[in-house]
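The values are calculated or read from the model by the stated rules, or taken from the named source; none is laboratory data. Everything numeric here is computed off the predicted structure, so don't read it as measured data. When we count neighbours, we look across all protein chains shown, and the Cβ atoms used for this are built from the backbone with ideal geometry, even at glycine. Areas reflect the complete protein model, heavy atoms only, side chains present, ligands, DNA and RNA absent. Shrake-Rupley method; radii C 1.70, N 1.55, O 1.52, S 1.80 Å.
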Amino acid sequence: MTTVTFYTKGRRITGFDATGHSGYAAEGGDIVCAAVTSTVRLVECIVNDVMGLCASVKINEKTALISLRLPGSLGQAAEDTCQTLLTGMMVYLSELHGEYPQYIEVLEAE
């Protein structure tokens, strides 16, 4: 199962961890894993490559972990954009959980 945990501080989403393999299908044919991976990579590319914010990203292939943490102080426009992206990601992955509940879990933690 893939678990995606969104971390919050108050109402601010500060980042996420995505861990594990969904187990929906064999590697290369796992649509749930592909959906999660593409979502994570899209958000990371927008935050770091398009917006240039230098969010902390850690990848551990042995444990199937990717994590992203936003910088602590952002300008208002960048903060609003990041919160919209992360909220959209959370909603999308929650809907994916609704379709494939045994393969993906979405959590929130402070």
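Considering only beta bridges that DSSP places wholly inside the chain, some 75 percent are antiparallel.
Packing around the peptides 16-25, 91-100, taken as the average count of other Cβ atoms within 10 Å per residue, puts them in this order, highest first: 16-25, 91-100. Roughly how far apart, in whole Å, are the Cα centres of segment 72-90 and segment 4-18? Going from one Cα centre to the other spans 11 Å. Comparing mean-square fluctuations of THR39, THR14, THR84 from a GNM of the chain with C-alpha springs under 10 Å, the top value falls on THR84. When all protein chains stay in place and ligands, DNA and RNA are ignored, the 1.4 Å accessible-area order of ARG12, ARG41, ARG69, largest first, is ARG41, ARG69, ARG12. Shown in residue order for segment 26-37 are the 3J(HN,Hα) couplings computed by the Karplus curve 6.51 cos²θ - 1.76 cosθ + 1.60 at θ = phi - 60°: 4, 3, x, x, 8, 5, 5, 4, 4, 5, 5, 4 Hz (x for Gly and Pro). With coordinates expressed along the principal axes, the C-alpha atoms belonging to segment 52-110 extend over 39, 27, 21 Å, beginning with the largest. Accessible area of ASP49 (1.4 Å probe, protein heavy atoms only, ligands and nucleic acids ignored): about 110 Å². Taking N as the number of residues in segment 18-86, what value does Rg over Cα atoms divided by 2.2 N^0.38 Å take? Output field value: 1.25.
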